[in-house]
Every structure is written in structure tokens, then in C-alpha cells.
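The values are calculated or read from the model by the stated rules, or taken from the named source; none is laboratory data. Everything numeric in this text was worked out from a predicted model, so none of it was measured. As a convention, Cβ positions derive from the backbone with ideal geometry for all residues, glycine included, and neighbour counts pool all protein chains shown. Accessible surface areas use protein heavy atoms only, side chains included; no ligands, DNA or RNA. Shrake-Rupley method; radii C 1.70, N 1.55, O 1.52, S 1.80 Å.
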Amino acid sequence: MIAVRAAVITVSTKGAAGQRTDESGPAMREALLAAGHEVLSAVLVPDDIAKVANAILDATRAGANVVLTSGGTGLSPNDVTPEATRRVIDREVPGIAEALRARSLAKTAHGMLSRAVAGAIGATLVVNLPGSPRAVRESLEVLLPVLPHAVELLAGETGDPALERVPFARRAARSRDDDVVWRDEQEHGRRAGRRSARSCR
């Protein structure tokens, strides 16, 4: 079984500026540790798309296979966590976000206002959680039981065996710009190969 190595990111402009005590980050950390998981890091970042996206990528590069964010998922103009997350993930895992919203809706109708997303960057799972400590704990009651299986699937342990032979560094996170460059280089190589083949005829 693959161990869960988590990173915790609290998204709060006031928290990052030291104007508000972060309670959501410690709530995530405590719940993860209580479940027997490792917490590699816990950081505070402001409500800024680039900074949130970079914090997620930094966590994956540091070896986290689960990244949990808290805050910035509502309808306020400053709530940009979903946009930052979509900027860096390779694919969404909508079932997780739907399950967390369902849990929130069981408590309050305001749960339908959440725009939180979940997705994967290579072998790392990224999940947006609400901003309040109580909502974080309630969400983790739903999420924690599936984390071990999720990281195994992403690592290829119970999925495609071929993924197990791909070094982690090759499956590590790339920014969207890097991904575009990589794809352009691949296409350029294929075109060059076709030109070379025609010249040999």
C-alpha cells in the first residue's frame, strides 16, 4: 500500500498577511495525522491565482501525493482557488467535489454555492475544501476513507501496470505553459521525422 503524503494549503489573503489566525490549516493537518497519514508541509497563501497554482505545484514537486486546499471556493470575486487548481491539474475528478458538496448540502443550503474542484496532477490528487474549520472536518470525514485507494490508483498500483514503470519525475507536475511547450516539441519532432522519411525516398 502506498503511503499518503499530504500537503496542506490555506488560501486566505488576511491569513497570509498575519491579520487572521489560520484555523483551517491546522484542522486539515490534525485530521490527516489522526488518520495515520504523513503531512509534508502546511502553507498560507493569499487569494491570488498564480500564487495558489504555484503552491500546489511546489507541493507536488516536494513529493506530496495529496494536496488539500482550504478556502477561496465561493462566489466572492476574490475566490480564485478553483481557477488556480484547474490551471495546473491534468484532469478533474468530479465525483470527489460532488460528494463534498453533497455533504455540505446536508448541513446548509449554502453548500450549493461552492465551486470547489478536485483533480489530478500526474500521480498527485488535489482537492479543494471549504474555508471554515468545521466544514473542513466534515468534508474530511467523507474524503479520508478514499484517499489511500485514490493514491494507489494514481500511482498505477491497482490500475495500469505500465504506469508503475514510469519514473515519478516524468509524471511530476508541469505548468500549463510547460505542457504546451512540451507538446509543441513533440509535434515538431514528429514533423521533422516525416520530412526526413520523405527525403530518403
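Quick one: would you say L75 is surrounded by fewer than 23 Cβ atoms within 10 Å (Cβ to Cβ), over 22 Å from L144 (Cα atoms) and out of contact with any helix residue (DSSP H, G or I) (no Cβ under 8 Å at 6 or more places or on another chain)? Let's see the steps before the verdict.
On the way: surrounded by fewer than 23 Cβ atoms within 10 Å (Cβ to Cβ): yes; over 22 Å from L144 (Cα atoms): yes; out of contact with any helix residue (DSSP H, G or I) (no Cβ under 8 Å at 6 or more places or on another chain): no.
When the stated conditions are applied, L75 does not pass them.
Which one of these does A27 not meet: (1) touching a residue at least 12 places away in the same chain (Cβ under 8 Å); (2) open to solvent by 20 Å² or more (accessible area, probe 1.4 Å); (3) outside any strand (DSSP E or B)?
Checking A27 against (1) touching a residue at least 12 places away in the same chain (Cβ under 8 Å); (2) open to solvent by 20 Å² or more (accessible area, probe 1.4 Å); (3) outside any strand (DSSP E or B), the one that fails is (2).
Taking the stretch 62-111, which residues are of a type in the set (D, E, K, R) and either under 18 Å from A7 (Cα atoms) or touching a residue at least 24 places away in the same chain (Cβ under 8 Å) (or both)? Outline the logic, then answer.
Residues of the stretch 62-111 that are of a type in the set (D, E, K, R), as a first pass: 79, 83, 86-87, 90-92, 98, 101, 103, 107.
The answer is D79, E83, R86, R87, D90, R91, E92, R103, K107.
Could you say which residue among A64, A42 is surrounded by fewer than 21 Cβ atoms within 10 Å (Cβ to Cβ) and not in a helix (DSSP H, G or I)? It would help to see each step written out before you state the result.
Numbers: A64 fails: surrounded by fewer than 21 Cβ atoms within 10 Å (Cβ to Cβ).
Selected residue: A42, the only one of A64, A42 that is surrounded by fewer than 21 Cβ atoms within 10 Å (Cβ to Cβ) and not in a helix (DSSP H, G or I).
Among the residues of the stretch 130-153, is any open to solvent by 30 Å² or more (accessible area, probe 1.4 Å), closer than 15 Å to V66 by Cβ, modelled with pLDDT of 95 or more and not in a helix (DSSP H, G or I)?
no
For a quick check of your reading of the model, give me the residue pairs whose first member lies in the stretch 112-130 and is of a type in the set (V, I, T), whose second is at pLDDT below 95, with beta-carbon atoms closer than 6 Å and at least 6 apart or on different chains.
Close Cβ pairs satisfying both conditions: I121/A173.
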